[in-house]
Amino acid sequence: MMEETVHLDIFRVNEEKANKYTAFCTFIAAVVAVLMWLLNLCGFFIVDQNLMNIAMPGGVALFLLPSLLVRVWKGDTRLLKYVIMCCFMIGIAILNSALTIQLVLAWSCPVVLSCHYYSPKLAHFTLAGALFCMLCATYIGLYCGVWDANMMRSVDLPGDAAFRAEFIREATAAGDNLLLRVFNFYYIPRAAIVIVVYLISVTLSKRTHGLLKKQEEDNREKERIGAELNVATQIQVSMLPCVFPAFPEYKEFDIYASMDPAKEVGGDFYDFFLVDEDHLAIVMADVSGKGVPAALFMMITKTLIKNEAQSGLSAGATLETVNNQLLENNEAGMFVTVWLGIYEISTCRLTAANAGHEYPVIRRAGGVFELLKDKHGFVMAGMEGAKYREYELELQAGDILFLYTDGVAEATNTEEQLYGTERMVDALNSVENAAPRELLLAVRADIDRFVGDAEQFDDITMLALQIRG
């Protein structure tokens, strides 16, 4: 059954990050506002102290509220971003009502920050909210805030609200529509600046939104492929003999094997099976390439070899037959190296053929491991009608035969050095009187020490056959 994968919603993750980033920006705005407040108290600005004392606490409180909400909000996070934006815009509106001409560029901040969510809906909401709040702050500031003297026809309006209201009424009665003039010459230019910033930001936001959507689709596809590869890995592992001891009813020999793919699925494979009660077939193979294509080719090769060997063909004849079968529909041009041996249990005689595979390693009883430079044939699926010569080995009690793929000798460390067959043979000889399983574990441990933190480049497959007599 396909394993379920947890999908990571990239937009949800981005929204959480954007909430934290926006809350951080509003916190910085609060710090700046407090700093301006303190500097005004020290006389650096000429702003009415009472006006600052009214505006600053409300604005700073609203700027600090998003940081608190991000920490404690446990509800629908889709609403949190709207609440944060409202806090930011209302906070700016409170300060803008007092410091009318000083906070012109501040209205661009929530518009730009809204684009970090890559949500056109939020960006439209923020633009509309910013324009409305700025309009309200403009006219509230006209009655109680600090205004540009040029807008007031070189008249510095005092802070008294009644005087301001009377001045505006008289100006309007005299035919000077001050409210309209404020709208035309103050609000509209600043609103235009905010709209331009919005258009630039939302254009970039839409492009980024498209890229994130494509990335999310790619992530879903990767998860799907990953789940399928996990199934393929399980299928491949189940096709290889993996129950040990493999033949507990046979006391004449012991066999153990392992395969560690470089990717989710590999092109290496080993196999061993009884042809009949007196013959054991042993296979070690390495398909060209890696990944899914190599794994598919590996399964085909393994099945063909087993079918032909169990039909009673010799090792050489099996390789020749399978070679021609693989060439029939090999449009991908893949090939495979194979070592195949047929071990006769009653006589301890091994008949083998090598189709371009690595040299086996053998240790005679009481001796040491040495490379057995056998007769090589051409790789399988490389040339039609290829012939594979057989050779025989007379094995005795205590002898061990070790087979492997090139992933062992070609294991590479961080300095681009190869492990090599010499180190492999030394690792085999470093373990005395070891059973096949312990032997393979010792070699793998030595490879891991040599490779260190370097990434595994190729599949590592090993097999050991011990003759007990």
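Name the residues in the range 450-469 that are of a type in the set (Gly, Ala, Ser) and touching a residue at least 40 places away in the same chain (Cβ under 8 Å), would you? If you could, list the steps in order and put the result at the bottom.
Within the range 450-469, the subset of a type in the set (Gly, Ala, Ser) is 452, 454, 464, 469.
Scanning the range 450-469 gives Ala454, Ala464, Gly469.
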| message | I'm told Asn413 meets every condition in (1) open to solvent by less than 60 Å² (accessible area, probe 1.4 Å); (2) in contact (Cβ under 8 Å) with a residue 12 or more places away in the chain; (3) in contact with a strand residue (DSSP E or B) (Cβ under 9 Å, 6 or more places away or on another chain); (4) not acidic (Asp, Glu) except one. Can you identify the failing condition by its number? | response | (3)
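Select from the range 111-149 the residues that are on the phi < 0 side of the Ramachandran plot and part of a loop (DSSP other than H, G, I, E, B) and list them in ascending order. It would help to see each step written out before you state the result.
Looking only at the range 111-149, we keep the residues that are on the phi < 0 side of the Ramachandran plot, and these are 111-117, 119-149.
Correct list: Ser119, Gly145, Val146, Trp147, Asp148, Ala149.
I'm checking my understanding of the structure. Among residues of the range 435-469 that are in a strand (DSSP E or B) and of a type outside the set (Ser, Thr, Tyr), which one is nearest to Cys348 (Cα to Cα)? It would help to see each step written out before you state the result.
Here is the first cut: in the range 435-469, the ones in a strand (DSSP E or B) are 460-467.
Those left that are additionally of a type outside the set (Ser, Thr, Tyr): 460, 462-467.
On the way: Ile460: 28, Met462: 21, Leu463: 18, Ala464: 15, Leu465: 12, Gln466: 11, Ile467: 8 Å.
For the range 435-469, the residue satisfying everything is Ile467.
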| query | Before we move on, is Ile84 open to solvent by less than 40 Å² (accessible area, probe 1.4 Å), closer than 23 Å to Glu16 by Cβ and within 42 Å of the chain's Cα centre (by Cα)? | reply | yes
| Selection count, the range 80-118, where residues are in contact with an Asp or Glu (Cβ under 8 Å, 6 or more places away or on another chain) and farther than 19 Å from Trp37 by Cα | 2
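Restricting attention to the range 381-410, report how many residues are within 19 Å of Asn324 (Cβ to Cβ) and touching a Ser or Thr at 6+ places or on another chain (Cβ under 7 Å). Give the steps one after another, and end with the answer.
Start the filter on the range 381-410 by keeping residues that are within 19 Å of Asn324 (Cβ to Cβ), which leaves 381-390.
Keeping just the survivors that are touching a Ser or Thr at 6+ places or on another chain (Cβ under 7 Å) gives 390.
Number of matching residues: 1.
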| remark: Apart from one, (1) in contact (Cβ under 8 Å) with a residue 40 or more places away in the chain; (2) in a loop (DSSP other than H, G, I, E, B); (3) open to solvent by 40 Å² or more (accessible area, probe 1.4 Å) all hold for Pro248; the odd one out is (1)
| request: All but one of (1) touching a strand residue (DSSP E or B) at 6+ places or on another chain (Cβ under 7 Å); (2) within 24 Å of Glu344 (Cα to Cα) hold for Val379, so report the exception by its number. | output: (2)
| query | Looking at Asp278, Asp260, Asp218, which is the one that is over 22 Å from Ile342 (Cβ atoms), touching a strand residue (DSSP E or B) at 6+ places or on another chain (Cβ under 8 Å) and open to solvent by 40 Å² or more (accessible area, probe 1.4 Å)? | reply | Asp260
| remark: Scanning the range 225-245 residue by residue, those out of contact with any Asp or Glu (no Cβ under 8 Å at 6 or more places or on another chain), open to solvent by 30 Å² or more (accessible area, probe 1.4 Å) and either among the β-branched types (Val, Ile, Thr) or in contact (Cβ under 8 Å) with a residue 24 or more places away in the chain (or both) turn out to be Ile225, Glu228, Ile235, Val237, Met239, Val243, Phe244
| message | Pairs needed: first member in the range 327-352, under 13 Å from Met383 (Cα atoms) and among the aromatic types (Phe, Trp, Tyr); second member anywhere, open to solvent by less than 20 Å² (accessible area, probe 1.4 Å) and in a strand (DSSP E or B); C-beta distance under 7 Å; at least 6 residues apart or different chains. | response | Phe335/Met380
| remark: With the first residue restricted to the range 279-291 and required to be closer than 27 Å to Phe247 by Cβ, and the second required to be among the small types (Gly, Ala, Ser) and open to solvent by less than 30 Å² (accessible area, probe 1.4 Å), Cβ contacts under 6 Å at 6 or more apart or on different chains are Ala281/Ala309; Ile282/Gly341; Val287/Gly267; Val287/Ala294
| request: Within the range 293-308, count every residue that is of a type in the set (A, V, I, L, M), open to solvent by less than 20 Å² (accessible area, probe 1.4 Å) and either under 12 Å from Val322 (Cα atoms) or modelled with pLDDT of 95 or more (or both). | output: 1
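Would you confirm whether or not the range 231-240 contains a residue that is at pLDDT below 90 and over 29 Å from the mean Cα position of the chain (by Cα)?
Looking only at the range 231-240, we keep the residues that are at pLDDT below 90, and these are 231-240.
Next cut, over 29 Å from the mean Cα position of the chain (by Cα) only: 239-240.
Yes; the residues of the range 231-240 include at least one that is at pLDDT below 90 and over 29 Å from the mean Cα position of the chain (by Cα).
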| message | Looking only at residues that are open to solvent by 60 Å² or more (accessible area, probe 1.4 Å) and hydrophobic (A, V, I, L, M, F, W, C) in the range 319-377, which one is farthest from Asn433 (Cα to Cα)? | response | Ala332
| request: Go through Asp446, Asp459 for me and flag whichever is in contact with a Pro (Cβ under 6 Å, 6 or more places away or on another chain) and crowded, with 19+ Cβ neighbours inside 10 Å. | output: Asp459
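For the range 67-78, check the following and say yes or no: at least one residue is surrounded by 14 or more Cβ atoms within 10 Å (Cβ to Cβ), among the polar types (S, T, N, Q) and modelled with pLDDT of 85 or more.
First pass over the range 67-78, keeping only residues surrounded by 14 or more Cβ atoms within 10 Å (Cβ to Cβ): 67, 69-70, 73.
Imposing the further condition that a residue be among the polar types (S, T, N, Q) reduces the set to 67.
Remaining after also requiring modelled with pLDDT of 85 or more: 67.
Yes, the conditions are met somewhere in the range 67-78.
The values are calculated or read from the model by the stated rules, or taken from the named source; none is laboratory data. Everything quoted here is computed from the prediction, not taken from an experiment. Cβ coordinates were reconstructed from backbone atoms using ideal geometry, including for glycine residues, and neighbour counts include every protein chain displayed. In case anyone asks, the SASA skips ligands and DNA or RNA and just uses the protein heavy atoms, side chains included. Shrake-Rupley method; radii C 1.70, N 1.55, O 1.52, S 1.80 Å.
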